[in-house]
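Novice: One structure coming up, written as structure tokens, with questions to follow.
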Amino acid sequence: MPMHQLHLRIYEPLVAFPPEQRRAWTQYVAAHPPSNDELIAGVYEEIVRANAVENGPRLPKERTPHAYIARHGGQILICPVQLRFRSMRAAENRPDLFSPTGLAHGAAAAMLASLRDERKESSGPAGRWDVDDGRIRARIATWAAPISWLLMFEPSDRINPSFERLIMRATVSEVLERLGQVKDELEAMRGGIAPSTSEVAELVEWLGEFHAKGIVELDYGGAARSLLANRLLKLDEDELPFDEGPADLLRAREALRSGNLKGAIAAYRYVYQRIKRANFLTRAS
């Protein structure tokens, strides 16, 4: 499992998918697919291979018709991996890669050829179970979760699958309600170390595309071990890891509501400083 990546995923109930995809995903879930940890490892290996070819980067070869699976509130929810689609969207959003100062000629040609192949495959039969419906269901951060991500969760959302794992989960409807409140409160902060209202608004717009009974998951993945080793996560009385960020941000919001702007800024600063220290790990040997 990558030691530097944190994953933000959106899981949706099977009823949120079109009938043909719903049937295919129902069969997938029943067929004892790889665990989420196995999927994370496999996806990372494919990404490494895709970026290590002789002529430079290419889109991942496999469509990885797999999904992360979560059980919440008595129902099964899935988050399709979408590795090729996410890679294609990322490449199309970086036209500078294909400029004279971007990728080397051979690498740019390989990536463009891969994009053309993907577009041909994407024009296939409608209703395919791995079809890109235009909604990206996962995001990645390195070493630390941005403050805007932490604002979506509360301490009670914590799940610890093991002594070195940390996951936060809340429903889409809960997160949208929280971000709606946060957006108004951030106006009083006027930027600074707090996230901008536009950053929160973008998250609200993204989450609004998904089923209200879906769940938002922040998975600290392999980064939890590194953050623990550097004392950027804490251990509770049961020796299970937790992030102080959500609790600190709740205190900041409470301070804002009581008119204590100085206290709110101090609480935000605690979180900001931890994120800054985590980002120093990028330069660690």
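Novice: Could you go through the range 230-242 and let me know if any residue there is among the basic types (Lys, Arg), under 29 Å from CYS79 (Cα atoms) and modelled with pLDDT of 90 or more. Let's see the steps before the verdict.
Specialist: Within the range 230-242, the subset among the basic types (Lys, Arg) is 231, 234.
Now drop any that are not under 29 Å from CYS79 (Cα atoms), which leaves 234.
Applying the additional criterion that residues be modelled with pLDDT of 90 or more yields 234.
Yes.
Novice: Residues to consider are PRO246, PRO195, PRO241; find the one that is farther than 29 Å from ARG135 by Cα and buried (at least 17 other Cβ atoms within 10 Å of the Cβ). Show your work before the answer.
Specialist: On the way: PRO246 fails: farther than 29 Å from ARG135 by Cα; PRO195 fails: farther than 29 Å from ARG135 by Cα.
Being farther than 29 Å from ARG135 by Cα and buried (at least 17 other Cβ atoms within 10 Å of the Cβ) holds for just one of PRO246, PRO195, PRO241, which is PRO241.
Novice: I've got another one for you. Return yes when ARG277 is in contact (Cβ under 8 Å) with a residue 12 or more places away in the chain and over 23 Å from LEU8 (Cβ atoms) and no when it is not. Let's see the steps before the verdict.
Specialist: On the way: in contact (Cβ under 8 Å) with a residue 12 or more places away in the chain: yes; over 23 Å from LEU8 (Cβ atoms): no.
So ARG277 does not fit the description; no.
Novice: For the range 253-267, give me each residue that is small (Gly, Ala, Ser) and within 14 Å of MET152 (Cα to Cα). Spell out the reasoning first.
Specialist: Restricting attention to the range 253-267, the residues satisfying the condition of being small (Gly, Ala, Ser) are 255, 258-259, 263-264, 266-267.
Passing the criteria: none in range.
Novice: Tell me which residues, restricted to the range 254-270, are within 18 Å of TRP149 (Cβ to Cβ), touching a residue at least 60 places away in the same chain (Cβ under 8 Å) and either buried (at least 19 other Cβ atoms within 10 Å of the Cβ) or touching a Phe, Trp or Tyr at 6+ places or on another chain (Cβ under 6 Å) (or both). Give the steps one after another, and end with the answer.
Specialist: Taking the range 254-270 as the starting set, the residues that turn out to be within 18 Å of TRP149 (Cβ to Cβ) are 267-270.
Adding the requirement that they be touching a residue at least 60 places away in the same chain (Cβ under 8 Å) leaves 268-269.
Residue satisfying the conditions is TYR268 alone.
Novice: Taking helices (runs of 4 or more DSSP H) that do not extend beyond the range 133-244, which have at least 3 residues that are in contact (Cβ under 8 Å) with a residue 60 or more places away in the chain? Write out each step before concluding.
Specialist: Values: elements: 147-150, 172-186, 197-207, 223-229.
Where helices (runs of 4 or more DSSP H) fall fully within the range 133-244 and carry at least 3 residues being in contact (Cβ under 8 Å) with a residue 60 or more places away in the chain, they are 147-150, 172-186, 223-229.
Novice: Of all residues in the range 228-264, count the ones that are among the aliphatic types (A, V, I, L, M) and in contact with a Pro (Cβ under 9 Å, 6 or more places away or on another chain). Give the derivation first.
Specialist: First pass over the range 228-264, keeping only residues among the aliphatic types (A, V, I, L, M): 228-229, 232-233, 235, 240, 247, 249-250, 252, 255-256, 261, 264.
Subset that is in contact with a Pro (Cβ under 9 Å, 6 or more places away or on another chain): 228, 233, 235, 247, 250.
Number satisfying all stated conditions: 5.
The values are calculated or read from the model by the stated rules, or taken from the named source; none is laboratory data. None of the values given here were measured: they were computed from a predicted structure. Cβ coordinates were reconstructed from backbone atoms using ideal geometry, including for glycine residues, and neighbour counts include every protein chain displayed.
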